[in-house]
1. Can you tell me which residue among 149, 215 is more than 17 Å from the chain's Cα centre (by Cα) and either closer than 25 Å to residue 38 by Cβ or modelled with pLDDT of 95 or more (or both)?
2. Quick one: in the range 89-108, of everything that is surrounded by fewer than 21 Cβ atoms within 10 Å (Cβ to Cβ) and of a type in the set (Asp, Glu), which residue is nearest to the ligand (Cβ to nearest atom)?
3. Between 180, 240, 216, which is hydroxyl-bearing (Ser, Thr, Tyr), within 30 Å of residue 314 (Cα to Cα), in contact with a strand residue (DSSP E or B) (Cβ under 9 Å, 6 or more places away or on another chain) and crowded, with 16+ Cβ neighbours inside 10 Å?
4. Hey, any hits in the range 304-314 for a residue that's touching a Ser or Thr at 6+ places or on another chain (Cβ under 9 Å), of a type in the set (A, V, I, L, M, F, W, C) and either in contact (Cβ under 8 Å) with a residue 24 or more places away in the chain or on the phi < 0 side of the Ramachandran plot (or both)?
5. As an exercise: evaluate residue 50 against (1) modelled with pLDDT of 95 or more; (2) over 21 Å from residue 308 (Cβ atoms) and give the number of the one condition it does not meet.
6. Considering only the range 109-117, I want to know if a residue exists there that is among the aromatic types (Phe, Trp, Tyr), more than 23 Å from residue 150 (Cα to Cα) and surrounded by 22 or more Cβ atoms within 10 Å (Cβ to Cβ).
7. Here's a check for you: in the range 11-47, which residue that is of a type in the set (Val, Ile, Thr) and modelled with pLDDT of 95 or more is nearest to residue 256 (Cα to Cα)?
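The values are calculated or read from the model by the stated rules, or taken from the named source; none is laboratory data. Every value quoted in this text rests on a predicted model; they were computed, and no experiment measured them. Counting neighbours? That spans all protein chains shown, and the Cβs are built from the backbone with ideal geometry, glycine included.
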Amino acid sequence: MKLSMFTSFAAASFWLALSATDVSAEPCLKVTLTGTQGGPPLFNGQAGAGTLVQYGDETNGCGAVRLQFDTGRGTNMRLSQMKVPVGKLDAVFFSHMHSDHTEGLGDILQLRWHFNSGGPKVDIVCSDDAKSPLGHTLSCSRFVAHIGDSLIRSGEIAQRLAENKKRLAGGPADLANVMTFSPGGEAATVWEKGDVKVSAIGSHHIPGHASYRVDTPAGSVVIGGDAGNDSPKPPRPSSTSEQVEKLSEGADVLVHSTIHPVMGPDKDSGFPPPIYFRQSNAADLGALSKRAGVKNLMLTHLIPPMGAAKQGPYPIPGGALDEASYKAAVTESGYEGNTIVGTDLVTITLPSNQ
Ligand SMILES: [Zn+2]
């Protein structure tokens, strides 16, 4: 009797141990657009550009590793809707130093400092300082180092430190572990954790612009950012980036900023041609995705937003665009994969049977 009780206890322990380290738990990758607004204007409560990439398996809700790519306006609000606490972000990656991609970081770091000062620092991964031919320098490391300055100057940080001495003395910037890299013409690994590898390549938009690829056992996703072609205007083979095309080879998902051809200088919107030409247009993104064998194209940072009569001060020729207007531009390219015209919080989970 004793022996058989021992045997069944041992068997139960064995099965418990097996399920705790269930080798058959299928890995998953979840890609969510945390904001889809293109450029500095506001429209209808859309958040600024950003993409949340989560990797894990069903035992952790696909959230063992959480990476945020760009942090436009309102990123924190979207993360709260995804039930991702800022204290649980492993790393933040920046494509470039334009406010529509960066201005949500202060909100994220201040909140993390407030409640998670004792927790791990968050890796902030971005380009080395990049000198513009116009004489100024684009600096991610300075942006992050000064992220809490106005709150320090106002006295708020001193006030909150006096209330809770466990908070970090230097304010929210003390929580950042800045990891800069030199974006080159070939993809190079810039961040790794377990099965998750992030590589980056230098691409054109403004100096220091980089595009990223995340590879995991559940799939891969490329975040192109605002990349455009190396040639600043036509004649050129495409408005898209050759570096992003290289990075996207065989990718499951490509997330890319998009401008609709209706904003082109031939259509009289008045939109400044140099700004139009430094973005990738929807038709050319379809063609790139076809050539690179991308399975899912997620258009984001839509210029103009769906339903908007204007992009900032510029009227949309022919009136507001809708989902079909963007899909038509992509279809024209011959791309036959899945196209998602981005709205805030739209999510793709891989593998697709999840
Ligand atoms: Zn942008």
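1. Being more than 17 Å from the chain's Cα centre (by Cα) and either closer than 25 Å to residue 38 by Cβ or modelled with pLDDT of 95 or more (or both) holds for just one of 149, 215, which is 149.
2. By that ranking, first place goes to 103.
3. Testing whether each residue is hydroxyl-bearing (Ser, Thr, Tyr), within 30 Å of residue 314 (Cα to Cα), in contact with a strand residue (DSSP E or B) (Cβ under 9 Å, 6 or more places away or on another chain) and crowded, with 16+ Cβ neighbours inside 10 Å leaves just 240.
4. Scanning the range 304-314 turns up at least one residue that is touching a Ser or Thr at 6+ places or on another chain (Cβ under 9 Å), of a type in the set (A, V, I, L, M, F, W, C) and either in contact (Cβ under 8 Å) with a residue 24 or more places away in the chain or on the phi < 0 side of the Ramachandran plot (or both).
5. (2)
6. no
7. This residue is 36.
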